[in-house]
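Here is the structure we will look at.
We did not get these values from a lab; they are worked out from the coordinates using the rules stated. Owing to the predicted nature of the structure, the values given are computational and were not obtained by experimental measurement. All Cβ positions, glycine included, derive from the backbone under ideal geometry; neighbour counts span all protein chains shown.
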Amino acid sequence: MLPGRRQAWDGTVMRRPLLTLLAAACALGAGLAAAAAQSFQTAAPHAILIDADSGSVLFEKAADERFSPASMAKLMTTDIVFEALKSGRLSMDTEFTVTEDAWKRGGAGGGGSSMFAQVNSRIKMADLLRGLIVQSGNDAAITIAENMAGSEEAFAGLMNQRAKEIGLTNSTFRNATGYAAPDQKVTARDMAKLALHIIDTYPDYYKIFSEKEFTWNKIRQQNRNPLLALDIGADGLKTGYLEESGYALTGSAVQNGQRLVLVVSGLKSARDRASESRKLMEWGFRAFEPRQVFTPGETVAEASVYGGQSGSVPLVAKKPVRVLLPRGSSDRVSAKVIYTGPLVAPVEEGRRVGVLRIQRGDTVALDQPLYAGASVEPGTLSQRAMDAALEFGTGLVRKALDRAGKGGDKGGDKGTDKGAAGAANPS
């Protein structure tokens, strides 16, 4: 959802292009309805599966419920290092000193995974990253945090700042390792978003996630990601385990040019984690087929404009609008455009205006940003005066509808969305 929306009203619904979209979506659903519905069940309490190219959500289960990330928190630690490498503030030859704190809390004596770094030794970033990613070393994570930010607490502040920049709206980090902390929580959707960000932004550094083993201090350790040992095209990312949250995995795999990203959490054993992740990946590659709904730059819908030379502006997508639909499903496919409306002139071409939301049954299959496809300059004084009068009138209508809605049907959905404006969902 976009921030700052006012209430939706009929005066800002999408025009003909959205009706075309809905017709296309209904046709897609109808074409699949003849076959029996195909469903997938997983033992994981939290799960999500996403097609990386289109952003289509293929499966989700409690994807917005918060849980402890365990060592999957190291993905955010890794992202901060990758960003520093990409910007040139660090290099792979940069050396960090292993502090006594990192050695005590994160070393073998700490009871968790470790790269077995020696206290006061200096380690190059290229090796620390492999200790962090391949071996899931808590000593590597603490060493990175304390050398980059002075303390792990300060580094956690960087993690939360970075999470906000990436768009992780429901996650909070308190340490670099994933050690249990009362308010260190993430969601499956946020972890998938973080994984996609890492894959897209740092393709060269991301390759480290696919390395199957790493030796440090004469101790060879296997990558803890169980998917790498399977013949399913897996190339990352990170496992996690805490007693309180169970076994978890954020993973990615590529088959025939298609990349899927999954997150599972809350499983009872490492074996369950591996088998459920494999089943989910294989089902995702096998059970879906892509549909392209709009090409880049094609008008998806039109948004109302207040006080402009034109009363509307086309909304377009910068990327192809593709959605993956399950083969043999009877799920209803629907679509709507959500934007803050009416837009106020001037409107600049290329400005992000809203989102196109496509739903498959109860699942939000796709949220794709929409942009103004043209500029709209401020109108003449008379045009603006007419728009102002119209806006005043529709505002009164909306308030009356609000009062009527509050006065009746107290136990049900009043058909309004206080957080949305310009939401177009004609039936």
Selected from ALA188, ALA229, ASN175, residue furthest toward positive end of dipole (the stretch 44-286; charges at beta carbon): ALA229
The stretch 323-363, relative contact order in percent, only Cα pairs under 8 angstrom and at least six apart counted: 54
Length released on extending from LEU230 to GLU153, taking residue separation times 0.36 nm less the Cα-Cα span: 24.0 nm
Charge dipole of the stretch 255-352 about the Cα centre (unit charges at C-beta), most positive-ward option of GLY350, VAL321, SER269: SER269
Rounded, prolate or oblate (a/c below 1.5 giving rounded, otherwise prolate when a/b exceeds b/c) for the stretch 216-273 by Cα gyration tensor: oblate
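Please report the equivalent ellipsoid semi-axes of the stretch 171-256, computed as sqrt(5 x eigenvalue) of the Cα gyration tensor, largest first, in whole Å.
Details: eigenvalues 101, 65, 35 Å².
The equivalent ellipsoid of the stretch 171-256 has semi-axes of 22, 18, 13 Å.
What chymotrypsin sites (Phe, Trp or Tyr not before Pro) does the stretch 31-115 have in DSSP loop regions with at most 15 other beta carbons within 10 Å?
Values: sites: PHE40, PHE59, PHE67, PHE82, PHE96, TRP103; in loops: PHE40.
Filter output for the stretch 31-115: PHE40.
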Calculated from backbone phi, Karplus (6.51, -1.76, 1.60) coupling profile of the stretch 338-350 in Hz, x at Gly/Pro: 10, 8, 7, x, x, 5, 9, 5, x, 10, 8, 4, x
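So which GluC sites (Glu not before Pro) in the stretch 263-371 pass both tests, a DSSP loop state and at most 16 other Cβ atoms within 10 Å of the Cβ?
Answer in residue order: GLU298, GLU348, GLU349.
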Share of alpha-carbon pairs per 10 Å distance bin for the stretch 44-286, given as whole %: 8, 35, 39, 16, 2, 0
Virtual spin-label span in nm between GLU95 and GLN222, 7 Å along Cα→Cβ: 3.4
For the stretch 71-81, Karplus couplings with θ = phi - 60° (6.51, -1.76, 1.60), whole Hz, Gly/Pro x: 5, 5, 4, 5, 5, 6, 4, 4, 4, 5, 5
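In the structure shown, do any of LYS104/LYS193; LYS74/LYS279; LYS185/LYS279; LYS61/LYS268; LYS207/LYS319; LYS61/LYS185 have a Cα-Cα gap over 22 Å, and if so which?
Exceeds cut-off: LYS104/LYS193; LYS74/LYS279; LYS185/LYS279; LYS207/LYS319.
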At most 15 other Cβ within 10 Å, DSSP loop - trypsin sites (Lys or Arg not before Pro), the stretch 308-376: LYS318, ARG327, ARG332, ARG351
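Test of understanding: what is the full-extension gain from GLU298 to GLN41, defined as 0.36 nm times their sequence separation minus their Cα-Cα distance? Each step should come with its number before you reach the end.
Values: separation 257, 0.36 × 257 = 92.52 nm, distance 3.69 nm.
Between GLU298 and GLN41, full extension yields an extra 88.8 nm.
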Globularity ratio of the stretch 294-370, using Cα Rg and 2.2 N^0.38 Å: 1.25
Tail weight of P(r) past 20 Å, computed on alpha-carbon pairs of the stretch 59-116, percent: 50
